[in-house]
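A short worksheet on the structure shown next.
The values are calculated or read from the model by the stated rules, or taken from the named source; none is laboratory data. Just so it is clear, the model here is predicted, and its values are computed rather than measured. Ideal geometry is used to build each Cβ from the backbone, glycine not excepted, and the neighbour counts take in all protein chains shown. These accessible areas exclude ligands, DNA and RNA; they are computed on the full protein's heavy atoms, side chains included. Shrake-Rupley method; radii C 1.70, N 1.55, O 1.52, S 1.80 Å.
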Amino acid sequence: MIKKILIIFCLIFSFFSNAQNASSSPYSFYGIGDLVFKGNVETRSMGGINMINDSIHININNSASLSDIMNTTFTIGGNLNYVNYKTASQSETANRASLDYIALAVPISKRLGAAFAVMSFTSVGYQIQNNYVDDSTPISRFTGSGGTNKIYGGVGYKINKNFRIGADMNFNFGNITTNDISFLTGIQYGTRELNSSEITGFNFNTSLMYNKLINKTTTIFGSLIYSPESTLSLANERKIAIVQFSESFGELVVNEEDVPVNDTKVKYPSKIGIGFGVGEVRKWSVGAEVTFMQGSNFGSRFDDINDVSYENVTKYSFGGYYMPDYNSFSSYYKRITYRGGFNYQNTGLIVNNESINNFGITFGLGLPIKGSFSNVNVGFEFGKRGTTSSGLIQENYSNLSVSFSLNDKWFIKRKYD
């Protein structure tokens with residue numbers, strides 16, 4: 001079993017090392033792309049709250065929860081995304097499928113747990129083409145691809161029955177490429193500008209969880225997650241070329257030159273998340289969380305990107321779960337976990353003086369696998385991002401997320417030889 005999972009980790013790591021298109025949004029042009037990893041399927045299905053203790057699921061966003069892991073837990077999750085893009089006069093659709101994360105958590109002792117994960121962090125993926133107006137107006141197409149990934153390592157420690165602390169370190173790596181081409185109808189040659197960035201950097205997170213039984217069945221709980229500001233280093237390249245195009249944008253390079261461009265550093269903002277909730281263990285829980293991010297310190301990959309700025313981010317999340325009877329022998333449906341929630345945030349991105357906001361509603365199911373603590377988790381998300389004002393694009397999206405959470409006992413000392 002261990003050998004099989006290690007082989008899977010190696011295969012998945014090689015997959016993450018090659019860029020996958022998990023985004024089709026024009027807004028992914030800015031910064032280092034669209035945020036892909038928003039939490040495990042279980043937490044995303046509850047509006048994105050991260051403070052609920054769980055002994056059979058890995059919560060990568062809150063390392064303090066790793067101290068409660070009961071068995072060795074392996075999880076893998078992916079997402080299918082459908083988006084309707086809408087302007088004041090046009091509408092288009094796109095869909096993408098992506099593998100979001102793979103993680104392994106191990107209980108080291110009764111108080112200490114650790115986890116390792118590889119996940120998609122951000123993604124760039126768009127293709128925009130202007131319409132033909134007249135022979136004096138250039139026809140242009142803008143495309144982008146790539147993104148960043150994370151290698152995650154975290155530990156959680158149970159101080160006592162009420163308090164847990166955790167910390168994790170992440171290595172970020174990836175490549176982003178953008179390609180802008182332009183030509184005039186009837187003219188043989190056009191121009192192409194190709195920009196690429198190799199991205200590397202580390203970031204750290206710390207967390208604290210609290211829970212207390214206030215009567216025979218009811219528990220109150222809370223969480224504090226803090227991420228200090230970190231720096232991502234970008235090695236940038238720019239190439240300008242004269243190219244011959246067909247109207248289907250097939251291209252033949254006639255002459256290409258490297259253009260000197262500065263390497264840059266992007267400040268990934270500090271973040272703090274505070275959450276509170278109430279519930280009954282293995283029965284129900286509801287919670288609310290607010291996250292503040294110093295987004296105004298963020299920046300773009302290149303210094304010559306105009307019409308964009310950044311602001312501080314505030315995200316509100318509310319959600320919870322209900323499980324009729326986790327120990328029922330007579331009814332499978334009573335052992336299903338039912339999840340739901342919603343969230344709202346200003347994303348921190350300002351384009352053409354318009355703040356880009358996001359609102360989402362989430363639902364989910366945790367489907368137990370008979371005879372084990374393992375389960376299949378399915379999540380649904382419906383939301384809206386952006387606006388049609390100021391010549392911008394509104395995105396109406398729906399996501400289907402699926403994860404497998406497999407639990408087993410490893411490293412058991414033999415009683416008989």
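With contributions of -39500 (n - 2.57) from each DSSP H run of at least four residues, the per-residue ellipticity at 222 nm computed over the chain stands at -1500 deg cm²/dmol. Considering only Cα-Cα distances, which of the following residue pairs are longer than 27 Å: 161/315; 158/216; 158/271; 158/267? Result: 161/315; 158/267 exceed 27 Å. Residues in region 360-372 carry Karplus couplings, in order, of x, 10, 10, 9, x, 10, x, 9, x, 8, 4, x, 7 Hz; the curve used is 6.51 cos²θ - 1.76 cosθ + 1.60 with θ = phi - 60°, and Gly or Pro positions show x. For residue 369, the residues whose modelled amide H falls within less than 5 Å of its own, excluding neighbours fewer than 5 places apart on the same chain, are 374, 375, 376.
Computed over the chain with a Gaussian network model linking Cα atoms closer than 10 Å, the most mobile of 333, 210, 101 is 333. Only Cα pairs under 8 Å and 6+ residues apart enter the sum, and on that basis the relative contact order of region 263-332 stands at 34 percent.
Between region 90-108 and region 173-212, the C-alpha centres lie 18 angstrom from each other.
Placing +1 on each Lys and Arg Cβ and -1 on each Asp and Glu Cβ, with no other charges, gives the chain a dipole about its Cα centre of roughly 2960 debye.
Here the 3J(HN,Hα) profile of region 197-213, calculated from phi with Karplus coefficients 6.51, -1.76 and 1.60 at θ = phi - 60°, is 9, 9, 10, 9, x, 10, 9, 10, 9, 10, 8, 9, 10, 9, 8, 8, 6 Hz, Gly and Pro shown as x.
Assuming charge only on the beta carbon of Lys and Arg (+1) and of Asp and Glu (-1), the dipole of region 266-360 about its Cα centre is about 640 debye to the nearest 20. Close amide H contacts of residue 108 (hydrogens built in the peptide plane, cut-off under 5 Å, sequence separation of 5 or more or a different chain): 113, 114. Across region 94-185, C-alpha contacts under 8 Å between residues 6 or more apart give a mean separation that, scaled by the residue count, equals a relative contact order of 28 percent.
Taking the 1.4 Å solvent-accessible surface of region 23-119 as the whole, the part contributed by carbon and sulfur is 56%.
Comparing 52, 187, 220 in a Gaussian network model of the chain, where Cα atoms under 10 Å apart are tied by springs, the biggest mean-square fluctuation is seen for 187.
Note the listed values [x] 59, 50, 43; [y] 62, 58, 39; [z] 79, 49, 39, then indicate which one is Cα extents along the principal axes in Å calculated from this particular structure. This structure yields the entry labelled [z].
In whole percent, how big is the carbon plus sulfur part of the accessible area of region 309-417, probe 1.4 Å, protein atoms only? Exposed carbon and sulfur together represent 58 percent of the surface. In region 170-247, the portion of solvent-accessible area held by carbon and sulfur atoms comes to 59 percent [1.4 Å probe, whole percent, DNA, RNA and ligands not counted]. Here's the picture: charge each Lys and Arg Cβ at +1 and each Asp and Glu Cβ at -1 in the chain, and of 33, 146, 317 the one pushed furthest to the positive end of that dipole is 317.
A 1.4 Å probe run over region 326-415, with the rest of the protein chains in place, finds 57 Å² accessible per residue.
Shown in residue order for region 108-124 are the 3J(HN,Hα) couplings computed by the Karplus curve 6.51 cos²θ - 1.76 cosθ + 1.60 at θ = phi - 60°: 7, 8, 5, 10, 10, x, 9, 8, 10, 8, 10, 8, 6, 9, 10, 9, 10 Hz (x for Gly and Pro). Solvent exposure of region 107-169 amounts to 48 Å² per residue of accessible area, where only protein heavy atoms count and the probe is 1.4 Å. Accessible surface for region 207-320, divided over its residues, is 55 Å² per residue with a 1.4 Å probe. For the chain, the relative contact order comes to 16 percent (Cα pairs under 8 Å, sequence separation of at least 6). Taking the charge dipole of the chain about its Cα centre, with +1 at Lys and Arg Cβ atoms and -1 at Asp and Glu Cβ atoms, the residue from 392, 296, 184 reaching farthest to the positive side is 296.
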